[in-house]
Amino acid sequence: MGVEIVVCPTVRDVDGLAISSRNAYLSTEDRIRALAIPTSLSAALAEFEAGERDAKTLATSVRSALANAGLDVDYVAVVRDDDLEEVEKAVPTNQIAVAARIGNTRLIDVVRLGVDTTPVRRSV
């Protein structure tokens, strides 16, 4: 298809939400709910750092957190960085990709395992 995938860090607002023009469609309450995305991705990165390598386990924890926050999840997948194919065993440079809806607004986000820093600062 002549498509080249260029991987780069996600640009984030100070609260961890990925910067997107779609964020303007979120009400104040919806924006707070949307923070479940970077929070759940941060938790998955921590699980990976602690040794979790089962992709299904990582994806399920993210999906559950999003659903618990009232987001309508389109997908959560652990994928290879070069072709975006889903994997069973997570390794560094794999990505956790998310798409979820809050009302009519569809938000997407991604973190690279073993590469990206946590989207949400951890409490000390």
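Kindly put Lys89, Lys56 in sequence by how many other C-beta atoms sit within 10 Å of each C-beta, fewest to most.
Lys89, Lys56
Can you work out ³J(HN,Hα) from phi for every residue in region 86-92, in order, using Karplus 6.51 cos²θ - 1.76 cosθ + 1.60 and θ = phi - 60°, giving whole Hz and x for Gly and Pro?
5, 10, 9, 10, 7, 9, x
May I have the convex hull volume per residue, in Å³, for the Cα set of the chain?
116 Å³
Normalising by the residue count of the chain, find the relative contact order in percent from Cα pairs under 8 Å and 6+ residues apart.
About 27 percent, as a whole number.
Counting only helical runs of four or more DSSP H residues, what would the 222 nm mean residue ellipticity of the chain come to if each run contributes -39,500 (n - 2.57) and the total is spread over all its residues?
Result for the chain: -8500 deg cm²/dmol, rounded to the nearest 500.
With axes computed from alpha carbons, what is the tilt in degrees of helix 55-68 against the longest principal axis of the chain, rounded to the nearest 10 within 0 to 90?
Roughly 10 degrees, rounded to the nearest 10.
Give the angle, between 0 and 90 degrees and rounded to the nearest 10, that separates the Cα long axis of helix 36-49 from the longest principal axis of the Cα atoms of the chain.
Orientation of helix 36-49: about 20 degrees from the principal axis.
What does the charge dipole of the chain about its Cα centre add up to, to the nearest 20 debye, if the Cβ of each Lys and Arg holds +1 and the Cβ of each Asp and Glu holds -1?
Computed charge dipole of the chain: roughly 380 debye.
Would you mind counting up the charge near Leu84? Only other residues with Cβ under 14 Å from its Cβ, with Lys and Arg at +1 and Asp and Glu at -1.
Taking every other residue near Leu84 into account, the sum is -4.
Rule-based calculations on the coordinates, nothing more; no lab input. Being a predicted model, the structure only gives us computed values, none of them experimental. For neighbour counting, all protein chains shown are included, and Cβ atoms are generated from backbone atoms with ideal geometry for every residue, glycine included.
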